[in-house]
Structures are given as C-alpha cells and as structure tokens.
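The values are calculated or read from the model by the stated rules, or taken from the named source; none is laboratory data. Remember, predicted model here, so these are calculated numbers, not experimental data. Here Cβ is always computed from backbone atoms with ideal geometry, including for glycine, and neighbour counts include all displayed protein chains.
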Amino acid sequence: MITNMKSLKIILEKEGIKPTYQRLKILEYMSRNTVNHPTVEMIYERLLKDIPTISMTTVYNTLSAFLEKGLVGAITITGTEMRYDFNTASHHHFLCKQCGRIIDIEVTCPFSEGKKLQHGHRVEEIHGYFKGICKDCLKDMKNSVKESNP
Ligand SMILES: [Zn+2]
Ligand SMILES: [Zn+2]
C-alpha cells in the first residue's frame, strides 16, 4: 500500500498533475481508505479537520482529475451518488441494503476486458453491482430474532 507522501507525489507528477498539498492529502486519503469507497462528501468532511481551507469543489475537481488519469475508479452502485475506489483493478461490488457498506467481491465473470462482444463492441470496463444483506447484518438479524423469541 502506498502511504508515504513522497511516493504519492511521484504518482501525481507522473500523470502530469501538479502535486499540491491538498491533492496529495486527497490521494493519501484514498490510499488509506480502500475499503469504504468514499463519496466526495466523506473525503471533504474528513480532510476539513486537517485542512480548514479545503473546499468541496477542490475535492470534487481533484477526484475528477484522478478519475480521468485512472488513479481512482468510480462506481455508482447506490444509484444516487458517485463512490470512489482506490482499487482500480477489475473487481465487482456488493452493497448491503441494511448498513450501506460497499464490499469488494471477486467473482468469475464470463466476460473480460479487451474482449469483443458478439457485435464487435470492445469491452473496456465491467462493473458488477450485487445488492443484498452483508454477513454481519445477517448475523445481527439472527441474534435479534433470538432475543425477541426467547
Ligand atoms: Zn450490512
Ligand atoms: Zn472496490
């Protein structure tokens, strides 16, 4: 995992993005929060504690630039918001309808990047969105049933 500022700086410079302090902090947040698939708001609220001058627009624009350069991925599994992902390798997602967690999942997919579909369309990205109840919430539900029916 990349967590030191120096290597984050190199990543931005390689993509032609000027490594300002705020951009570095945003990339650092992304590299340290690989499991929560944050929204712009989540990143903004966290960084505001360290950088009182940061604006939501800066966070939004920075994420858009990262996305364009392929430094982060984006998913819209909830249907209402963009969630950013530091893991840019091909993988799918599971949304828990109970707690709202978005979990990375590995499933074998019959399609793959670079392959051509039957009409000759070239696939460049594949996003699988699975929705249901995560195993932790299932456990809680089972326990609460037990408690109400002793
Ligand atoms: Zn859950
Ligand atoms: Zn992911």
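Taking residues in region 25-41 that are among the aromatic types (Phe, Trp, Tyr), and partners anywhere that are away from ligand 2 (no atom under 15 Å from the Cβ) and assigned to a helix (DSSP H, G or I), the pairs with Cβ atoms closer than 7 Å and at least 6 places apart or on different chains are Tyr29/Ile43; Tyr29/Arg46; Tyr29/Leu47. Looking at region 96-119 only, could you name the residues that are within 16 Å of ligand 2 (Cβ to nearest atom), hydrophobic (A, V, I, L, M, F, W, C) and closer than 22 Å to Asn33 by Cβ? Correct list: Cys96, Ile102, Ile103, Ile105. Taken over region 98-126, residues that are in contact (Cβ under 8 Å) with a residue 24 or more places away in the chain and in contact with a strand residue (DSSP E or B) (Cβ under 6 Å, 6 or more places away or on another chain) amount to 3.
Could you check how many residues of region 84-110 are within 16 Å of ligand 1 (Cβ to nearest atom) and either outside any strand (DSSP E or B) or in the same structural domain as Ile17 (by TED's automatic domain parsing) (or both)?
Here is the first cut: in region 84-110, the residues within 16 Å of ligand 1 (Cβ to nearest atom) are 93-105.
Checking which are either outside any strand (DSSP E or B) or in the same structural domain as Ile17 (by TED's automatic domain parsing) (or both) leaves us with 97-101.
Residues that pass the stated criteria total 5.
If you check Ile43, Ile54 for being away from ligand 1 (no atom under 16 Å from the Cβ), modelled with pLDDT of 95 or more and over 25 Å from Tyr129 (Cβ atoms), only one passes: Ile54. Yes or no: Phe94 surrounded by 13 or more Cβ atoms within 10 Å (Cβ to Cβ) and in contact with a Ser or Thr (Cβ under 6 Å, 6 or more places away or on another chain)? So Phe94 does not fit the description; no.
Anything in region 83-113 that is of a type outside the set (S, T, N, Q) and in contact with a helix residue (DSSP H, G or I) (Cβ under 7 Å, 6 or more places away or on another chain)? List them, or say none. Let's see the steps before the verdict.
Of region 83-113, the ones of a type outside the set (S, T, N, Q) are 83-86, 89, 91-97, 99-107, 109-111, 113.
Those that are of a type outside the set (S, T, N, Q) and in contact with a helix residue (DSSP H, G or I) (Cβ under 7 Å, 6 or more places away or on another chain): Tyr84, Phe86, Cys96, Cys99.
Residues that are within 16 Å of ligand 2 (Cβ to nearest atom), closer than 22 Å to Gln22 by Cα and touching an Asp or Glu at 6+ places or on another chain (Cβ under 8 Å) do not occur anywhere in region 120-128.
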